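Q: Below is one structure. I have some questions about it.
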Amino acid sequence: MAPYSLLVTRLQKALGVRQYHVASVLCQRAKVAMSHFEPNEYIHYDLLEKNINIVRKRLNRPLTLSEKIVYGHLDDPAGQEIERGKSYLRLRPDRVAMQDATAQMAMLQFISSGLPKVAVPSTIHCDHLIEAQLGGEKDLRRAKDINQEVYNFLATAGAKYGVGFWKPGSGIIHQIILENYAYPGVLLIGTDSHTPNGGGLGGICIGVGGADAVDVMAGIPWELKCPKVIGVKLTGSLSGWTSPKDVILKVAGILTVKGGTGAIVEYHGPGVDSISCTGMATICNMGAEIGATTSVFPYNHRMKKYLSKTGRADIANLADEFKDHLVPDPGCHYDQLIEVNLSELKPHINGPFTPDLAHPVAEVGKVAEKEGWPLDIRVGLIGSCTNSSYEDMGRSAAVAKQALAHGLKCKSQFTITPGSEQIRATIERDGYAQILRDLGGIVLANACGPCIGQWDRKDIKKGEKNTIVTSYNRNFTGRNDANPETHAFVTSPEIVTALAIAGTLKFNPETDYLTGTDGKKFKLEAPDADELPKAEFDPGQDTYQHPPKDSSGQHVDVSPTSQRLQLLEPFDKWDGRDLEDLQILIKVKGKCTTDHISAAGPWLKFRGHLDNISNNLLIGAINIENGKANSVRNAVTQEFGPVPDTARYYKKHGIRWVVIGDENYGEGSSREHAALEPRHLGARAIITKSFARIHETNLKKQGLLPLTFADPADYNKIHPVDKLTIQGLKDFTPGKPLKCIIKHPNGTQETILLNHTFNETQIEWFRAGSALNRMKELQQ
């Protein structure tokens, strides 16, 4: 791109200095729509540039790409306090995206706000409620029938409040965003933890809870703790069996599931150009598994190629003009720097039970034998929001063709999930889908499916020890099939395909041989496939519903007897007193993800009904008192029972309670139900060693107190039979710890300190009872 000064000179010569303001001319010249679906909503690179220049002058230093995009969206770039890891930024995101499971609660909250229309472009995507059972078409028909009430609510709410609606069968939210809405420099928030997928197109795309989305849709500046920036310098180039997925699998092994907390991961370096745009999206997508706020790549020719192929050459041309603002400044500073040589990187496979347990594919068989993990692979599953691009399907098909040429099919069961209707239609046209079927695969609906537990699995019984390999992003205990004995491993689609053909974790496609039906041994060659189709993408069926220009006659009905949807009642305000004699509902031992706090799978059908879904509260968490899940002592009756039942008992009898948690509490999904449910059933505080970012914010939004031990060893001082009193709330101020008195049953007491990260705005949420309550107070 020509420097800004050169553009200025050219424009001055062409138009005359006295008659035109250069910025306005650039803006007119750059009037490009954000998407085909919103022709009157424009990309504002001129404003981004203006804000970046203000901040750069203030900070007087080079900026990372992450800083350019984030600070370029500041509500007050001239006055905003900016300190990485400390200050809270007030931002103006460009758009909002919601998947159907979280959109229900988000739209219910927006309806409660009383506002007539959303203030920024917003969309709803139906991808979470389709269960994998028989195959794509049949499963989609069944989902439309079962979820008709919810789909109707989302469609009518979208029409009423100006939100675009992607119907069931459209595809997975993140693939739809990449194909239609993401662009270099965008600031997008989405009610799903894998929203960072859009970083593959050079945007800052951040997963949030529904209450955060409501703020943005209401036109309120969105708050984000100023992120640190972790740089990942890529050198060398990808080749052979090594894929983009291996980059993030390697990085996850380095940083672990909490190493990215509070930071944006920014990839840069000469190796970037060897990765396709959708490959970059894969890497950014799974950055959620290291706790990162988001991940991003700098704008380059691979992104331009993808934008052009998806019908957005005008955006690519505009990005070219402003490219200096879409890449990091030379000499910028990273809080942490990691270097990965892509030429030396080997194929990886991570798991089981956690996405940061990294193994080279060449070694996982030996490790599995040593650890007693099942070697036989029962099912191989490719697709998901992480790996369902045209390139992914092409590389898997390239492996499949070689096996078929030697008369082989998969020894394991094999499923394929296209990322979108466009991907499905295109891989059908180009023959990839049929090749994968010939190998023994079943093509599932364009939806999340087994990745989020929407899988009616029939080949095993619950409790049966088994292994599956997937190209998904998460592999927490029971996540895919609700079986705690399923050992799930995540890897690239081509490695999944190769392992499904061999049927064992001991197979290494780089070195090992297969035996064809003719008895001859052969070795699979490294797959090669086009990153984009040679012809144009086939869009498939039209599955988008535009919001009408006039929605005055549109009605949104929620039946009072519905078991799927429930209008929200405001949470109670803080009573102005310290929290005394809080009962401990559960002291959690070890990992506690949002899957443990609010399970998905069959519970997804209740995501719009707070009282019903609260019956899954913490049913997956392990109670330190007895080592069991969903079994806690009722402090009044002294009987052990399910967690939700005990919480309801306490609520009925006016007993307020707390949860005690371990490290990185609430990692995983962005689901705010993991915060809404404890609030609904009477919780007042969650006290842990540390929190995952999204969950901590979600708790604050619902008027709860997420607190951390000033001394992590104090976790051991608290026992499930104790009672806690939290003092200092009358003088609740940012940065000032709260005091906690532990009352033991024998009459002795101990006092510890609890830290918090509340700012003034968030303290007002607590006092009002929730962020939504506070919004209503401000409207009045």
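Q: Against the condition without any contact (Cβ under 8 Å) to a residue 40 or more places away in the chain and touching a His at 6+ places or on another chain (Cβ under 8 Å), how does Asp246 come out, does it pass? Steps first, answer last, please.
A: On the way: without any contact (Cβ under 8 Å) to a residue 40 or more places away in the chain: no; touching a His at 6+ places or on another chain (Cβ under 8 Å): yes.
For Asp246, the condition - without any contact (Cβ under 8 Å) to a residue 40 or more places away in the chain and touching a His at 6+ places or on another chain (Cβ under 8 Å) - is not met.
Q: Just need a number here: residues in region 68-85 that are over 14 Å from Tyr45 (Cα atoms), in contact (Cβ under 8 Å) with a residue 40 or more places away in the chain and either outside the structural domain of Val229 (by the TED database) or hydrophobic (A, V, I, L, M, F, W, C) (or both). Full working, then the answer.
A: Our first condition is that a residue be over 14 Å from Tyr45 (Cα atoms); within region 68-85, this holds for 75-85.
Remaining after also requiring in contact (Cβ under 8 Å) with a residue 40 or more places away in the chain: 75, 82-85.
So of that shortlist, the ones also either outside the structural domain of Val229 (by the TED database) or hydrophobic (A, V, I, L, M, F, W, C) (or both) come out as 82.
The total comes to 1.
Q: May I pose another question? Can you pull out the residues in region 580-629 that are assigned to a strand (DSSP E or B) and over 22 Å from Leu705 (Cβ atoms)? Walk me through how you get there before you give the answer.
A: Pass one, region 580-629, residues assigned to a strand (DSSP E or B): 580-588, 593, 598, 608, 617, 622-623, 628-629.
Gly608, Ile622, Lys628, Ala629 - these are the residues of region 580-629 that are assigned to a strand (DSSP E or B) and over 22 Å from Leu705 (Cβ atoms).
Q: I would also like to ask the following. Please give the number of the condition Asp542 fails out of (1) more than 30 Å from Val399 (Cα to Cα); (2) surrounded by 22 or more Cβ atoms within 10 Å (Cβ to Cβ); (3) out of contact with any Lys or Arg (no Cβ under 7 Å at 6 or more places or on another chain).
A: If we test Asp542 against (1) more than 30 Å from Val399 (Cα to Cα); (2) surrounded by 22 or more Cβ atoms within 10 Å (Cβ to Cβ); (3) out of contact with any Lys or Arg (no Cβ under 7 Å at 6 or more places or on another chain), just (2) comes out false.
Results for (1) assigned to a helix (DSSP H, G or I); (2) within 13 Å of Gly158 (Cβ to Cβ), shown as yes or no for each residue.
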position	(1), (2)
Asp76	no, no
Ile82	no, no
Pro93	no, no
Val96	no, yes
Ala101	yes, no
Met105	yes, no
Phe110	yes, yes
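Q: A follow-up question, please. Checking Arg395 against (1) open to solvent by less than 10 Å² (accessible area, probe 1.4 Å); (2) in contact with a Pro (Cβ under 8 Å, 6 or more places away or on another chain), which single condition isn't satisfied?
A: It fails just one condition, (1).
Q: Kindly indicate the residue of region 122-138 that is surrounded by fewer than 22 Cβ atoms within 10 Å (Cβ to Cβ) and out of contact with any helix residue (DSSP H, G or I) (no Cβ under 7 Å at 6 or more places or on another chain) and also modelled with the highest pLDDT among those meeting that condition.
A: Top of the filtered list is Lys138.
Q: Only one of Val216, Val247 is open to solvent by less than 20 Å² (accessible area, probe 1.4 Å), within 21 Å of Leu699 (Cβ to Cβ) and either touching a strand residue (DSSP E or B) at 6+ places or on another chain (Cβ under 9 Å) or modelled with pLDDT of 95 or more (or both); which? Steps first, please.
A: Numbers: Val247 fails: within 21 Å of Leu699 (Cβ to Cβ).
Result of the check over Val216, Val247: Val216.
Q: Right, next: Looking at (1) at pLDDT 95 or above; (2) open to solvent by less than 20 Å² (accessible area, probe 1.4 Å), which is the one condition that is false for Ser384?
A: (1)
Q: Looking only at region 697-739, which residues are assigned to a strand (DSSP E or B) and either among the acidic types (Asp, Glu) or touching a Ser or Thr at 6+ places or on another chain (Cβ under 7 Å) (or both)?
A: First, the residues of region 697-739 that are assigned to a strand (DSSP E or B): 705-709, 723-727, 738-739.
Hits for region 697-739 are Thr708, Lys739.
Q: Of the residues that make up region 46-55, is at least one free of Cβ contacts under 8 Å to residues at least 12 places away in the same chain, not aliphatic (A, V, I, L, M) and not assigned by the TED database to the domain that holds Pro227?
A: First pass over region 46-55, keeping only residues free of Cβ contacts under 8 Å to residues at least 12 places away in the same chain: 53.
Still in the list and also not aliphatic (A, V, I, L, M): 53.
Next, from what is left, pick out any that are not assigned by the TED database to the domain that holds Pro227: 53.
Yes; the residues of region 46-55 include at least one that is free of Cβ contacts under 8 Å to residues at least 12 places away in the same chain, not aliphatic (A, V, I, L, M) and not assigned by the TED database to the domain that holds Pro227.
Q: Take the residues of region 219-244 that are of a type in the set (Gly, Ala, Ser) and part of a loop (DSSP other than H, G, I, E, B): which is least open to solvent (accessible area, probe 1.4 Å)?
A: The first filter runs over region 219-244 and keeps only residues of a type in the set (Gly, Ala, Ser), leaving 219, 231, 236-237, 239-240, 243.
Applying the additional criterion that residues be part of a loop (DSSP other than H, G, I, E, B) yields 219, 236-237, 239-240, 243.
Details: Gly219: 30, Gly236: 36, Ser237: 52, Ser239: 75, Gly240: 38, Ser243: 4 Å².
Ranking the candidates gives Ser243 first.
Q: Right, next: Out of all the residues in region 286-323, which are part of a helix (DSSP H, G or I) and closer than 18 Å to His194 by Cβ?
A: Met286, Gly287, Ala288, Glu289, Ile290
Q: For Lys701, all conditions in the list (1) among the charged types (D, E, K, R); (2) out of contact with any strand residue (DSSP E or B) (no Cβ under 8 Å at 6 or more places or on another chain); (3) more than 27 Å from Gly668 (Cα to Cα) hold save one; what is the number of the exception?
A: The single condition Lys701 does not satisfy is (3).
Q: With respect to the numbered conditions (1) at negative phi; (2) surrounded by 22 or more Cβ atoms within 10 Å (Cβ to Cβ), which one is the sole condition not fulfilled by Gly291?
A: Unmet condition: (1).
Q: Based on what the data block shows, is Lys465 open to solvent by 40 Å² or more (accessible area, probe 1.4 Å), closer than 17 Å to Asp376 by Cβ, touching a residue at least 60 places away in the same chain (Cβ under 8 Å) and out of contact with any Lys or Arg (no Cβ under 8 Å at 6 or more places or on another chain)? Step through it out loud before you land on a result.
A: On the way: open to solvent by 40 Å² or more (accessible area, probe 1.4 Å): yes; closer than 17 Å to Asp376 by Cβ: yes; touching a residue at least 60 places away in the same chain (Cβ under 8 Å): yes; out of contact with any Lys or Arg (no Cβ under 8 Å at 6 or more places or on another chain): yes.
So Lys465 passes the test.
Table: residues versus (1) buried (at least 20 other Cβ atoms within 10 Å of the Cβ); (2) more than 32 Å from the chain's Cα centre (by Cα); (3) among the hydrophobic types (A, V, I, L, M, F, W, C); (4) in the same structural domain as Ile718 (by the TED database).
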residue: Thr517; (1), (2), (3), (4): no, yes, no, no
residue: Glu531; (1), (2), (3), (4): no, no, no, no
residue: Asp538; (1), (2), (3), (4): no, no, no, no
residue: Gly553; (1), (2), (3), (4): no, yes, no, no
residue: Val558; (1), (2), (3), (4): no, no, yes, no
residue: Ser562; (1), (2), (3), (4): no, no, no, no
residue: Leu568; (1), (2), (3), (4): no, no, yes, no
residue: Lys591; (1), (2), (3), (4): yes, no, no, yes
residue: Ala599; (1), (2), (3), (4): yes, no, yes, yes
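The values are calculated or read from the model by the stated rules, or taken from the named source; none is laboratory data. Just so we're clear, the structure is a prediction, and the values are computed from it rather than from any experiment. Here the Cβ is made from the backbone with ideal geometry for all residues, glycine too, and neighbour counts use every protein chain on show. Side chains are part of the model used for accessible areas, which takes the heavy atoms of the whole protein and leaves out ligands, DNA and RNA. Shrake-Rupley method; radii C 1.70, N 1.55, O 1.52, S 1.80 Å.
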